[in-house]
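The block underneath contains the structure these notes are about, expressed in structure tokens.
The values are calculated or read from the model by the stated rules, or taken from the named source; none is laboratory data. Every value quoted in this text rests on a predicted model; they were computed, and no experiment measured them. Cβ atoms come from the backbone with ideal geometry, glycine included; neighbour counts cover every protein chain shown. Only protein heavy atoms, including side chains, enter the accessible area calculation; ligands, DNA and RNA are left aside. Shrake-Rupley method; radii C 1.70, N 1.55, O 1.52, S 1.80 Å.
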Amino acid sequence: SSVLIYARFIEPYRLIITHVNYTLGQEQPFIKPVRVALIADLHIGLFSGDERQLKMIVKKINQQQPDFVVVAGDWTYEPENKLAQELEVLKQIQAPVYSVNGNHDEQYPGPPIQALLSHALEVNQVMDIEGKIVEFDEFRLMGVGDLWAGKADMRYMPDLPQDKPWLILSHNPDTVDMVPALPTRPLMLAGHTHGGQVELPWLTSYVMKKVSILGHKRGLYRHSNADVFVSVGTGMVGVPLRFRVPPSIDIIELS
């Protein structure tokens, strides 16, 4: 009983901050490091993403003073129609916020909430960058659609300008396998896996094989054409529990 109480009511609110330093594939270091706050899998709705948690997320992001924030999809999990009001707290984030959708935002699985979510993000100053490019002084940020929704085609990337390295925002980390060879090595930021959400012997490994074919769980992975950093996210699906995988905001310092 104590373990269940902890996993349901305590660990889901033990929001931690992780720090990662990463050199973004260029010969010369950045003039000044760039701090990126990565959050993922808020799953606002049935089990998580309540006002208390969202306020905690915003507060901790602002304490870290990132240059910008990226949200790697799966905003929702059976949300109510008041999503725009629930996300109002995001206006308090003191940095630009960029986002892409995840499989739960695209009906894989889930209700048809694309219009509801799109409106909620727009009125709360979150920029949807799926299929778009954001220019920064020393790199470019690209938003990629969800893999399970069939929106993750990146075959066109070699035809884009290659004078600066690429930072790629995607929901599903297995999307990294679709990155073509480029002159500079990109970094992909992703979520989707929840880090397993509940860490148990054997059972978690079995479930993760269905979540990520390439074996992603949490942290940094190196692949043939790109690296991918996988966040454990902040929300819950399936069961309203987190155990030995506390929710996380990841601060990626690019240099």
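Filtered by the rule that a residue be open to solvent by less than 40 Å² (accessible area, probe 1.4 Å) and charged (D, E, K, R), region 215-254 gives ASP227, ARG242, ASP250.
The residues of region 76-96 that are open to solvent by 10 Å² or more (accessible area, probe 1.4 Å) and among the β-branched types (Val, Ile, Thr), listed by number, are VAL89, ILE93.
Any chance region 25-36 includes a residue that's open to solvent by less than 40 Å² (accessible area, probe 1.4 Å) and within 21 Å of GLN197 (Cα to Cα)? Scanning region 25-36 turns up no residue that is open to solvent by less than 40 Å² (accessible area, probe 1.4 Å) and within 21 Å of GLN197 (Cα to Cα).
Is at least one residue of region 109-131 open to solvent by 20 Å² or more (accessible area, probe 1.4 Å), out of contact with any helix residue (DSSP H, G or I) (no Cβ under 9 Å at 6 or more places or on another chain) and in a strand (DSSP E or B)? Looking through region 109-131, at least one residue is open to solvent by 20 Å² or more (accessible area, probe 1.4 Å), out of contact with any helix residue (DSSP H, G or I) (no Cβ under 9 Å at 6 or more places or on another chain) and in a strand (DSSP E or B). Checked against the criterion of being surrounded by 14 or more Cβ atoms within 10 Å (Cβ to Cβ) and in contact with a Leu (Cβ under 6 Å, 6 or more places away or on another chain), region 202-213 contains not a single residue that satisfies it. Residues that are over 11 Å from PRO12 (Cβ atoms) and either touching a Lys or Arg at 6+ places or on another chain (Cβ under 6 Å) or open to solvent by 10 Å² or more (accessible area, probe 1.4 Å) (or both) within region 37-56 comprise GLY45, LEU46, GLU51, LYS55, listed in sequence order. Remark: pairs (first residue in region 110-138, over 14 Å from ASN81 (Cα atoms); second residue assigned to a loop (DSSP other than H, G, I, E, B) and open to solvent by less than 50 Å² (accessible area, probe 1.4 Å); Cβ separation under 6 Å; 6+ apart in sequence or on different chains) = GLU130/GLY145; GLU138/PHE30.
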